[in-house]
1. In deg cm²/dmol, rounded to 500, what helix-only [θ] at 222 nm does the chain give when every DSSP H run of at least 4 residues adds -39500 (n - 2.57) and the total is split over its residues?
2. Please give the solvent-accessible surface of Glu88 in Å², to the nearest 10, using a probe radius of 1.4 Å with every protein chain present.
3. Given an 8 Å cut-off on Cα distances and at least 6 residues of separation, report the relative contact order of the chain as a percent.
4. Using a 1.4 Å probe on the protein chains only, how many percent of the accessible area of the chain belongs to carbon and sulfur?
5. Looking only at the chain, where both bridge partners belong to it, what percent of the DSSP beta bridges are antiparallel (to the nearest 5)?
6. Quick one: order Trp204, Trp235 from most to least accessible surface, probe 1.4 Å.
7. Could you check the simple spin-label distance between Glu13 and Asp324, using points 7 Å along Cα→Cβ, in nm with one decimal?
8. Whole-Hz Karplus ³J(HN,Hα) for the stretch 151-165, in order, using 6.51 cos²θ - 1.76 cosθ + 1.60 and θ = phi - 60°, x for Gly and Pro?
Amino acid sequence: MPDPTARTPLDREELRVLRRARRVLSRNRGATDRLIAQRAAYAAGPRQDGFFLEAMNENFAHHFLGCPLYRARCLQAGVTPGDIRRVEDLPRIPYVFVTVFKRNDLLTGSPEKVRLTLTSSGTGGERSAIHLDARSLRRIRRIVHNIYRDLKMTSREVTNYLCFTYDPAVAKDLGTAFSDELLTRLTRVGQVHYAIRPDGQGGWHLDREACLEALERFEREGSAFRMLGFPAHAWEVLQDYVRTRNRTLRFPLRSYVLTGGGWKTLGDREIPKPLFRSEVARILGIPQDHIRDLYGMVEHGVPYTECEAGRMHVPIHSRVLVRDPGTLELLPPGQTGIFHMLTPYLSSFPALSLLTTDVGHLESGCPCGRSTPVVVLEGRGGVTRHKGCALAALDILSPEGVE
């Protein structure tokens, strides 16, 4: 009787596809790093399209060969390395739905190569586990630096930080803590105050009074200042400051506020962006166009950050497609659907083509002069089902949360 656990020999077609994938990988080897080495993060044109196409082909072949589950997905879809010959073919790369990473530890290559695992922290939803190897970490750090250099937000000046996120010394594996740690690398770092701290009972709390004291301490010092994290936290703490101190602050004009994560469960308290910018700028004494928001997700990694005109551009390191949520047909600019995101930098898990639950549309043209498409986020999908670290952190400000 044949052994049911024995490995089935590869048939002729599978061998042909694997050989072709190896040729694609060999032909495009190094393309992803060549793409990331480009200094202009928001350049657009045939040259950049060519770089991106080669990088995606390299990454597609890498994951096809290195992740059996993704290879099965591609074989089922009938699209394999070698089929992506033009930029117009990129949407054909088989996607992985974002929920897959909340239910499976999906890896490409050896687990021994993993250097950092990032997870969500929500207790009321599904948990993501994203595994980054040294190559992916090196690439995302370079990508982030290039993006913010293009936005004129990098500096060699010593800068103090108030971060409305978890202290990474304790929450080393949380995506939001990792993101803020990346953003503090954009300058020379003075002092960093992390606002969300352990409560001693296995939970977290926003230490408001410590935040107010940090604001006063940083103002007295006179160094450049940056505030990072959830907009709901920034708004609540700054309103607390004005109410309890009966004054506003005066930070150097080269200071910035960079928010991310949205208002989530606090949508009923959300402040319109123009009012948020003007009020936060008034309280801190800095220019309104230094109040920026960003959109991103741990499974994708590439940040979409507002420019001087308040628009989120797609950098050269990724592409954003919009699909009809019912038919999954591609939608033209201006029409609302769910985001399908492409990026070639991740080598340790197959999120090169990621179908999300987030809703929005694409636009073109911007007063800032950058010519890449603009992402307009209209809603984060699956809020109840896909509760993550951002929602858990914002629960701290909810009526049911621990104050």
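1. Values: 11 runs with 131 residues, N = 403.
For the chain, the value works out to -10000 deg cm²/dmol.
2. My reading of the accessible area for Glu88 is about 120 Å².
3. Details: 780 pairs, mean separation 74.0, N = 403.
After rounding, I find 18 percent.
4. Working: 9170 of 17850 Å².
That fraction is 51 percent.
5. Working: 29 of 52 bridges.
Percentage antiparallel, nearest 5: 55.
6. On the way: Trp204 70, Trp235 40 Å².
From most accessible down to least: Trp204, Trp235.
7. 2.9
8. The phi angles translate into 7, 6, 10, 9, 7, 8, 7, 5, 10, 8, 10, 10, 10, 8, 8 Hz.
The values are calculated or read from the model by the stated rules, or taken from the named source; none is laboratory data. Everything quoted here is computed from the prediction, not taken from an experiment. Cβ atoms come from the backbone with ideal geometry, glycine included; neighbour counts cover every protein chain shown. Ligands, DNA and RNA are stripped out before the accessible areas are found, and what is left, the full protein with its side chains, is counted by its heavy atoms. Shrake-Rupley method; radii C 1.70, N 1.55, O 1.52, S 1.80 Å.
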